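Scroll down for the structure; my scribbles are underneath it.
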Amino acid sequence: MNQWLLLVVGAALCTPLLVTQTSQAAEEKNPFFEEWKTPFGVPPFERIKEEHFVPAIKEGIAQQRREIDQIANSGKKPTFGNTVEALDASGELLDKVEAVFGNLTGAETNDQLQAIAREVAPLTSALRDDIMLNEKLFARVKAVWEQRRQAKLSPEQLRLVEETYKDFVRGGANLSPDKKQRLRQINEEMSLLGLKFGDNMLKETNAYRLVIEKKEDLDGLPANVVAAAADAAKAAKLEGKWVFTLQAPSIWPFLTYSTKRDLREQILTAYAKRGDNGNDRDNKEVLVKIATLRAERARIMDYPNHAAFVLEERMAKKPDEVYALLKKLWAPALSVARKEAVDLQAMIKQEGGQFKREAWDWRYYAEKVKKARYDLDDTQLRPYFKLENVRDGAFYVANKLYGLTFVERKDIPTYHPEVATFEVKDKDGSHLGVFLVDFHPRPGKRGGAWSSGYRGQRFKAGKDIRPIVVNVCNFTRSTADAPALLTLEETETLFHEFGHGLHSLLRRIHYGGLGGVPRDFVELPSQIMENWATAPEVMKVYAKHYKTGEVIPDSLVEKIQKAEKFNQGFATVEYLAASLLDMDWHMLPEGQKPDATEFERQALQKIGLPPEIIVRYRSPYFAHIFSGGYSAGYYSYIWSEVLDSDAFGAFKQKGLFDPATALSFRQNILEKGGTMEAMDMYKRFRGREPSVEFLLEKRGLNVPVN
Ligand SMILES: [Zn+2]
C-alpha cells in the first residue's frame with residue numbers, strides 16, 4: 001500500500017479495447033516475477049514487454065488479496081503490527097508493477113499500453129474498494145485506532161494508525177451497504193473516464209501541426225526555433241518544410257516571435273480548442289461526467305461538494321480558505337495585467353498596428369515591450385542555458401545545500417535512449433537513491449513536466465530501501481547545429497522538478513503509506529528551488545556560453561533580475577483564472593449536469609477575465625484536474641508559493657547556502673514525507689506560520705489596486 005505511487009498518473013486511449021494476449025511462454029519469463037539483479041534494482045526495462053503487464057498486475061492483485069484476507073481473518077487480537085503495519089507492507093508486487101506501468105504510460109506510451117490501462121483500471125479500482133470496504137479489516141483497523149493511546153507507538157506509528165483509519169472512513173468504510181455499492185460503481189467509472197480524458201488530450205495534441213512551406217512565413221523566428229521546426233519536418237517526412245506543433249518547445253516560441261499574426265492566431269486557436277472539436281476525441285461530455293460523479297460521491301460521503309471532500313485533507317481545509325486566498329490575489333493581479341495590456345496596445349500602435357490586441361498577440365508584443373524596456377529576450381539567454389549546464393547547476397545547488405553528489409552511470413537500464421541516469425550519494429558518500437532524467441518531448445509523452453518514481457523510499461525489515469526517482473519534462477531539444485538550449489522558463493522548470501526529486505530522494509521514513517504530503521504543500525520543495533535557478537551567484541556557476549564557455553555577463557544577470565516581475569500580471573491572472581475554474585467545477589452540487597462550454601464561460605465572466613487572456617487551461621484540456629490528482633487542487637501552486645516565498649525568505653536573511661537553514665529544511669521538511677501535519681513541519685522550519693507578504697512582493701502585486 002504505497003500512497004506515494006498514487007502520484008503516478010497514467011494516460012490511455014479511447015480506441016476499442018484490445019484484449020491482451022498472453023502466452024504461457026511469455027508468462028514464464030515475466031521479469032516482474034523475478035528479483036531484479038540490475039544496479040540498485042532499477043527495472044530491467046529492456047526485458048519488460050507489453051505482454052508482461054496484465055499477468056503481473058493480476059498476480060499482484062491476487063497476492064494482495066491473499067495478504068488482506070490473512071490480516072482480516074487473523075484470529076489474533078488486532079495490534080499495530082498484525083494489522084496496520086501488515087497492511088502498509090501489503091501489495092509489494094502490485095506496487096512494483098504499477099510504478100513501471102504508470103510511469104511508462106505517462107512518458108513513453110503507445111496504443112498497446114493505453115489499451116492495457118483501460119483493461120486494468122477497473123481491476124485496481126475494485127481492489128482498492130475491496131480493501132477499504134472490507135468490514136472485518138475495518139473492524140481491526142478501528143480497534144487499533146481506538147487503543148492507539150494505550151499502545152506503545154512511535155510518533156510515526158501513531159500517525160500511520162490515524163491516517164489509515166481516516167483512509168478507511170474516507171474510502172466509505174462507514175457507509176450503508178447500498179451506498180457502498182454505488183460508491184464502487186462510481187469509482188470504477190471514474191477510473192476509466194480519467195484515462196479517456198488523458199488519451200483524448202494526447203491525441204488532440206498530436207493531431208495538429210502547422211506546416212510552413214514558404215520561408216517568409218518564418219519571419220521573426222530565431223534560428224534555433226527554425227532549425228527545430230526543420231528537424232520536426234524531416235521527422236514527419238516533409239523535408240524542406242517547417243513543422244510547428246502544440247508541444248511546449250514549439251508553440252510558445254512561435255507565439256513569442258512570429259510576425260505572422262494570422263499564423264499565430266491559427267496555432268493558438270488549435271491549442272485552445274483541444275478536446276473541444278466535436279470529434280471522437282472531444283472531452284466536454286467526459287469532463288462533465290467526471291464532475292457530476294465527483295459531486296455524487298461527495299454527497300454519498302456526506303459532504304456538500306467534491307471540493308469540501310478533498311480539501312479536508314489539505315492544508316487549506318475548506319473551500320472558503322481557497323477562495324479567500326485566490327480572491328485576495330485576483331484584484332491586484334488583474335489590475336497589474338490591465339496595465340500590461342495598455343503597454344502592449346501602445347507597442348502595437350508604435351509598430352503601426354491598427355487592431356485591438358487579441359490572445360495571440362499577447363506573448364508577441366509582451367516580448368517586444370520587454371526588449372524595449374529591459375533590452376532582454378530569450379535569444380540572448382539561451383546560449384547560456386545549455387541543458388546539461390542547467391542540470392549541473394541544479395546538482396551544484398543540491399551539493400552546496402545538502403552535500404549531495406550526482407554520478408552519471410551508463411550501466412543502469414533505461415526505457416528510452418534519451419534517459420540519463422545518476423547515482424545520488426549523500427554527504428558521507430553513502431547511497432541515497434537513483435535519479436533518472438527524461439527531458440524532451442515525444443509523441444508518446446504527455447505534456448508538461450513532472451517528478452515521479454519507480455520505487456518509493458521506505459523501510460523493509462529494518463532496512464532502508466532507497467528510492468528510484470524520475471524527472472520527466474518537455475524541453476527544447478538539440479538541433480543539427482546546436483545543443484539543447486533552454487529558455488529561462490524551462491531553466492526554472494528544471495529546478496522545479498528537481499526540487500520534487502530532492503523531496504523524494506531525501507525522504508527517510510519507515511512506512512510507504514506515509515509517503516504522501518498534502519497537494520497544497522507538495523509544491524513547496526519544488527518551487528523553492530526556482531529561487532536558486534536565478535540567483536546571480538548560482539548563475540555564475542552554471543550559466544556558461546555553450547560555444548565559448550564564457551560565464552554569463554553581469555549585465556545580463558542584472559537584466560534578468562530587473563525583468564523578474566515583468567508580465568507577472570498576465571501570468572498570475574491566467575493561473576488564478578484556472579484555479580478558480582477548477583474550484584467552481586468542484587463546488588458543483590449533486591444532481592446538476594451543466595453544459596461544459598456555458599459553465600466555463602460563466603465562471604470566467606464572473607471574475608472578469610479579459611478576453612485577450614486565455615485561462616491557462618480550458619476545461620477540455622485541464623488534465624491536472626480531470627486526469628491528474630489536482631481536482632480542487634490547482635490552487636496548490638499559489639498556496640505553496642506563499643510557503644516557498646516565505647521559506648526562501650529565511651535563506652535570504654541567513655544566506656543562500658546557510659548550512660543551519662539548509663539542514664533545518666532538510667530535516668524538518670524534505671526528510672519527513674507525510675509523517676507529520678504539514679503546518680507543523682513548516683513551523684518547525686520557520687518558527688512561525690507563513691505570511692503572504694513575501695509572495696506579494698515577489699510577484700510585484702503589493703501595489704495599490706485601481
Ligand atoms: Zn510541481
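Here, each number is a calculation from the coordinates, and none is a lab measurement. As the structure is a prediction and not an experimental result, all values here were calculated from the model. Here Cβ is always computed from backbone atoms with ideal geometry, including for glycine, and neighbour counts include all displayed protein chains.
Of Gln150, Gln185, Asn200, which is farthest on the positive side of the dipole of the range 144-288, counting Cα position, with +1 on Lys and Arg Cβ, -1 on Asp and Glu Cβ, and the Cα centre as origin?
Gln150
Under 18 Å Cα-Cα from Lys425, which lysines qualify once same-chain neighbours fewer than 8 residues away are excluded?
By straight Cα distance, Lys425 reaches Lys400, Lys410, Lys463.
Relative to the Cα centre, what is the charge dipole magnitude of the range 378-471, using +1 at the beta carbon of each Lys and Arg, -1 at the beta carbon of each Asp and Glu, and rounding to the nearest 20 debye? Can you show the working numbers first?
Numbers: 16 positive and 11 negative charges, 62 e Å.
For this selection, approximately 300 debye.
How far apart, in nm, are two points set 7 Å out from the Cα along the Cα-to-Cβ line at Ser335 and at Asp178?
5.5 nm
Just the C-alpha atoms of the range 605-706: what Rg/Rh do they give, with Rh taken as the Kirkwood radius?
Using only Cα positions, Rg/Rh for the range 605-706 is 1.06.
If each of Ala62 and Asp680 carries a label point 7 Å out from its Cα toward its Cβ, how far apart are those two points in nm?
Between Ala62 and Asp680, the label points sit 4.2 nm apart.
With Kirkwood's inverse mean 1/r over C-alpha pairs for Rh, give me the Rg to Rh ratio of the range 540-633, two decimals please.
Values: Rg = 19.8 Å, Rh = 16.3 Å.
Over the Cα atoms of the range 540-633, Rg/Rh equals 1.22.
Mind checking which lysines have their Cα closer than 25 Å to the Cα of Lys76? Skip sequence neighbours fewer than 8 apart in that chain.
Straight-line reach from Lys76, under 25 Å: Lys136, Lys142, Lys152, Lys166, Lys460.
Can you give me the C-alpha center-to-center distance between the range 502-575 and the range 594-644, rounded to a whole angstrom?
23 Å
Under the 0.36 nm per residue contour assumption, what length would be gained going from the current alpha-carbon distance of Lys152 and Lys328 to full extension? Provide the component values of the computation, followed by the final result.
On the way: separation 176, 0.36 × 176 = 63.36 nm, distance 4.54 nm.
Full extension from Lys152 to Lys328 adds 58.8 nm.
How high is the FRET efficiency from Leu556 to Lys371, r the C-beta distance, R0 22 Å, rounded to 0.05?
0.95
Exposed loop GluC sites (Glu not before Pro) only (DSSP loop, at most 12 other Cβ atoms within 10 Å): please give the longest stretch of the chain free of them, not including the sites. It would help to have the intermediate numbers written out before the result.
Numbers: sites that count: Glu34, Glu35, Glu213, Glu239, Glu351, Glu550.
Between the exposed loop sites, the longest stretch runs 352-549.
With each pseudo-label sitting 7 Å past Cα toward Cβ, what's the Ala480-Ala236 distance in nm, one decimal?
In this crude spin-label approximation the distance works out to 1.8 nm.
What does the charge count near Gly462 come to, summing +1 for each Lys or Arg and -1 for each Asp or Glu among other residues with Cβ under 15 Å from its Cβ?
Numbers: positive: Arg458, Lys460, Lys463, Arg466, Arg508; negative: Glu85, Asp88, Glu156, Asp464.
Summing Lys/Arg as +1 and Asp/Glu as -1 gives +1.
Tell me what the chain gives for mean residue ellipticity at 222 nm when only DSSP H runs of n ≥ 4 count, each as -39,500 (n - 2.57), the sum divided by the residue total, rounded to 500 deg cm²/dmol.
Numbers: 28 runs with 372 residues, N = 706.
That calculation yields -17000 deg cm²/dmol at 222 nm.
Which entries of Lys368/Lys562; Lys559/Lys654; Lys339/Lys562; Lys328/Lys654 show an alpha-carbon separation above 23 angstrom in the structure shown?
Over 23 Å apart, Cα to Cα: Lys559/Lys654; Lys328/Lys654.
Can you tell me the dipole magnitude for the range 199-295 around its Cα centre, using point charges on the Cβ only (Lys, Arg +1; Asp, Glu -1), in Debye to the nearest 20?
Details: 16 positive and 14 negative charges, 29 e Å.
That gives a dipole near 140 debye.
Can you find, among Ala270, Thr487, Gly499, the residue farthest towards the positive end of the dipole of the chain? Put +1 on the C-beta of Lys and Arg, -1 on that of Asp and Glu.
Selected residue: Gly499.
How big is the charge dipole of the chain about its Cα centre, in debye rounded to the nearest 20, if each Lys and Arg gets +1 on its Cβ and each Asp and Glu gets -1 on its Cβ?
On the way: 100 positive and 99 negative charges, 187 e Å.
I would put it at about 900 debye.
Aspartates and glutamates within cross-link reach of Lys386: Cα-Cα under 12 Å, excluding same-chain residues under 8 positions apart?
Leaving aside aspartates and glutamates fewer than 8 places away in the same chain, those within reach of Lys386 are Glu490.
Out of the trypsin sites (Lys or Arg not before Pro) in the range 497-591, which ones are loop residues according to DSSP with at most 10 other C-beta atoms within 10 Å?
Lys547
Does the range 202-336 classify as rounded, prolate or oblate by the C-alpha gyration tensor (a ≥ b ≥ c root eigenvalues; a/c under 1.5 gives rounded; else a/b over b/c gives prolate, otherwise oblate)?
Prolate shape, in that a/c is at least 1.5 and a/b is the bigger ratio.
For a label point 7 Å from the Cα of Glu46 along Cα→C-beta, name the residues of the range 407-437 whose backbone N is under 12 Å from it.
Hits in the range 407-437 for Glu46 at 12 Å: 411-417.
Using a ≥ b ≥ c from the Cα gyration tensor of the chain (square roots of the eigenvalues), is it rounded, prolate or oblate, where a/c under 1.5 gives rounded and otherwise the larger of a/b and b/c decides, a/b for prolate?
rounded
Post the alpha-carbon centroid distance, the range 74-138 to the range 678-692, in whole angstrom.
Result: 34 Å between the Cα centres.
Please give me the summed charge of the neighbours of Ala99: other residues whose Cβ is under 12 Å from its Cβ, Lys and Arg +1, Asp and Glu -1.
Neighbour charge sum, excluding Ala99 itself: -1.
When a/c is below 1.5 the answer is rounded, else prolate if a/b is larger than b/c, else oblate, so apply that to the range 549-602 with a ≥ b ≥ c taken from the square roots of the Cα gyration tensor eigenvalues.
Since a/c reaches 1.5 and a/b is larger than b/c, the shape of the range 549-602 is classed as prolate.
Give the relative contact order (percent, whole number) for the chain; include only Cα pairs under 8 Å separated by 6+ residues.
17 percent
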